[in-house]
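Chemist: Please find one structure pasted underneath; my questions will follow.
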Amino acid sequence: MKKIVIIGANDFQNQLILKAKEMGFETHVFAWQDGSIGERTADYFYPIDIKLTDKILEKCREIQPDAVASIASDLANITVSKVAEGLNLPGNSSECIRLSTNKYAMREAFSEAGIATPKFYRVDRIEAYLFGLRLPLIVKPTDRSGSRAITKVTNFADLKEAIKNAVNQSFEHQAIVEEYIEGDEYSYESISYKGKHTNLAITKKFTTGSPHFIESGHRQPCSFPEDLLYKIHYVMRRGLDALQITDGASHGEFKITPDGKVRIIEIGSRMGGDCIGSDLVYLSTGYDYMEMVIDTACGKEPVIMPKHGPRNAEVRFLFTVEDVKRMQAYKAKYPEQIYRISELNLSNLGHILDSSTRLGYYIIHSEHDLP
Ligand SMILES: Nc1ncnc2c1ncn2[C@@H]1O[C@H](COP(=O)(O)OP(=O)(O)O)[C@@H](O)[C@H]1O
Ligand SMILES: [Mg+2]
């Protein structure tokens, strides 16, 4: 029986565990033990913190898997890459992982590749030269994700606090301060194999907006005029190459400025979280993205062939009791459009600080327009 090692066991990763099982793999899952669903769905679960790469690698040498994979998490992506490298399995290079998980290294790589980026600085405290930047600014930890400690700063008096916040959340105690890019935000979901990129879908992203930009929903598909779509592909492919992404899924976030320019926010060398990669791509296009991730992790060329026709698909996140009620009303009115409802975590009510503390979500899909 083929074996796959999966890093992470939360609700998002669970979709990959289920897909691997469906494809006939024996699943070996590593994660911090916290009662996550993957602990129960995996064939074998190992309660090891995913940051303890050496310990995981040691265990994996015994398992001898055919592939190691993960979706939707930067932290897990780092471990996947180190384990794959240690076992001589296919994957992106360690340089690619460095460039695609550190926001400062990433901006430098874009800049060196000649891709337009906002002005940016790396800091661990407030510094005089920062005043050369034009407001508004975005401050973020260099090496975190999931909207942790992201602040839009519209007044220099608030900069110090924003930097302190971001530095505190950063593993390497560094923040990146960059000029704010105006415009609507989208993401670019792709699969790469031996350096060749195929874009599978583009997603419209909705956030709570300033100051913390926590994702509130995602919708596929998006339609663009042909010349704009060409620009999107051009910029995003250059971005993927600049980060040396060669294999597996990627999730590129970008904005379209009011004057029609495509500007990259960041690109991850892994699937988009928030059910974008694990569910929306398949629902809206018929492309079996998770199967492609598993195939490329085994060194196999992904099959880029839709399994059904196009649909509208959306994930909506729950922040308040009103959101939960709205979801229940939706379910009562359009039961056939509900694809999945997550477990609800009401303990975070009233203090949602980032995407990991949202109450839950629901996924809807239809061949017709979604209300
Ligand atoms: N330079 C920027 N200009 C405008 N908005 C930004 C900028 N950087 C980040 N944002 C907003 O903050 C969100 C989170 O930032 P991002 O760099 O994607 O961090 P994370 O890893 O937490 O997702 C983005 O999706 C975007 O909405
Ligand atoms: Mg992001």
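The values are calculated or read from the model by the stated rules, or taken from the named source; none is laboratory data. Owing to the predicted nature of the structure, the values given are computational and were not obtained by experimental measurement. All Cβ positions, even for glycine, are placed from backbone atoms using ideal geometry, and neighbour counts span all protein chains on display.
Chemist: Filter the stretch 305-333 down to the residues that are part of a helix (DSSP H, G or I) and in contact with a strand residue (DSSP E or B) (Cβ under 6 Å, 6 or more places away or on another chain), then identify the one that is surrounded by the fewest Cβ atoms within 10 Å (Cβ to Cβ).
Modeler: LYS331
Chemist: Among PRO302, PRO371, which is the only one that is part of a loop (DSSP other than H, G, I, E, B), farther than 30 Å from LYS140 by Cβ and under 24 Å from the mean Cα position of the chain (by Cα)?
Modeler: PRO302
Chemist: Determine whether GLU95 is surrounded by fewer than 17 Cβ atoms within 10 Å (Cβ to Cβ) and either in the same structural domain as ALA242 (by TED's automatic domain parsing) or among the charged types (D, E, K, R) (or both).
Modeler: Against the criterion (surrounded by fewer than 17 Cβ atoms within 10 Å (Cβ to Cβ) and either in the same structural domain as ALA242 (by TED's automatic domain parsing) or among the charged types (D, E, K, R) (or both)), GLU95 qualifies.
Chemist: So, one more: Yes or no: the stretch 210-224 includes at least one residue that is over 23 Å from SER355 (Cα atoms), touching a Gly at 6+ places or on another chain (Cβ under 8 Å) and not basic (Lys, Arg).
Modeler: no
Chemist: Confirm whether ASP259 is touching a residue at least 60 places away in the same chain (Cβ under 8 Å), surrounded by fewer than 24 Cβ atoms within 10 Å (Cβ to Cβ) and of a type in the set (Asp, Glu).
Modeler: No; evaluated as a whole, the condition is false for this residue.
Chemist: Say whether the condition of being at pLDDT 95 or above, surrounded by fewer than 18 Cβ atoms within 10 Å (Cβ to Cβ) and more than 19 Å from the chain's Cα centre (by Cα) is met by at least one residue in the stretch 351-366.
Modeler: yes
Chemist: How many residues does the stretch 195-226 contain that are free of Cβ contacts under 8 Å to residues at least 60 places away in the same chain, within 24 Å of SER111 (Cα to Cα) and outside any loop (DSSP other than H, G, I, E, B)?
Modeler: 4
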